[in-house]
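One structure is given below, represented as structure tokens, and several questions about it will come after.
Throughout, read-outs are computed from the coordinates displayed, never taken from laboratory work. All figures in this text were calculated on a predicted structure; none of them were measured in a lab. Backbone-built Cβ (ideal geometry, glycine too); neighbour counts: all protein chains shown.
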Amino acid sequence: MRSCFTAGTIATGGAVALAIAAVAGILIATSGAGGVVASSEAALLDSYAGGAIPGARSTLVTSSRSGGKELVVTLPADAVGEPPDRPQVQVAHLGWLTGLIASSAASDQPDLTDFATRESDGSTPPGSANFWEGAVRLSPGSDLSSESSSLDGVTTDVALRQTDANLAVLRNGLGELLVSDHAGIVSIDPKANRFAVTVDLQVTRMSDVTRFFGDIFDGLATGLVGGTDPLIEGMAIRVTDADGLAAGVWRLPRIGLGSGAFDPSIEVPDVRPLTMDFTSLTGTNPPAGSASGGVGRLPHGE
């Protein structure tokens, strides 16, 4: 398996669509070198569990890399299926949710430098390129990738209005190739206006839409993320077809991470140009295509 995980740029990739999980509280244990985590800090992290996985638990430990804090999220036993039936999009999306929690927590905790995800038996899940672990900042107290004042600068209504406008362009451009679409919100901290947007698409055949990957994975981000002034905490775009093929891209602009993968049988274009006319209603993050940069292909059953 070849995979791609980049800091500061969005790598291409994806997998199979799954409904957004609602969340249970995160349990905060003992910090490796700092004693028991303060109750206020535990409550803060609990509030970020609004976009996490039911039954997940987390621990703050000392980062072996930086000496700061690492947020370790342990998935419940039934979070993903057993190989060979493990759905790769679920694996990737759960990892993205972990990164989303860590990204939001890092904005309030300057000593939080890393995050990691573990299965219930303590092992690292497959598909490590898809946000299972990573750094949110170089060292304790250092800047995050995006300190833009625009981040968290729009409401969920505005974000969904922009997403709906982007989807309208895509519907018109794809026509009968698009079977259905759904946009949703993953709320991390409503009081701080921290949330991410998810988009799930069902298409007739993946081979019919590969030439529109720029419109799907980049055009749909217009007005929200992808530029120098991201407005939301993250975005997940996932596509499936009638044959079960899947592709998707996940973004976390606050910490400069992006990841994704394509089903092995998909012929992925080297460049993702825009072929449709998207408009930024927010005045930021104008429409722009991208190069694939390197494709992570996730074989089924791994």
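Under 15 Å from the Cβ of Thr240, count the other residues' Cβ atoms, weight Lys and Arg +1, Asp and Glu -1, and hand me the total.
-4
Cα convex hull of the stretch 92-172: mean projected area in nm², to one decimal?
Over every viewing direction, the Cα hull of the stretch 92-172 projects on average to 7.5 nm².
Hey, another quick one. Of the listed peptides 186-198, 100-112, what is their order by residue-averaged count of other C-beta atoms within 10 Å, with the highest listed first?
The peptides rank, most packed first, as 100-112, 186-198.
Apply 1/(1 + (r/R0)^6) to the Cβ-Cβ distance of Thr204 and Asp277, taking R0 = 30 Å, and write down the FRET efficiency to the nearest 0.05.
Taking R0 as 30 Å, the efficiency between Thr204 and Asp277 is 0.85.
Let me ask you something else. Given R₀ = 51 Å, what would the calculated FRET efficiency be for Asp243 paired with Arg65, taking r from the Cβ atoms and rounding to 0.05?
So, using R0 = 51 Å, E works out to roughly 0.80.
Computed over the Cα atoms of the stretch 156-291, what is the ratio Rg over Rh, Rh following Kirkwood?
Rg divided by Rh gives 0.94.
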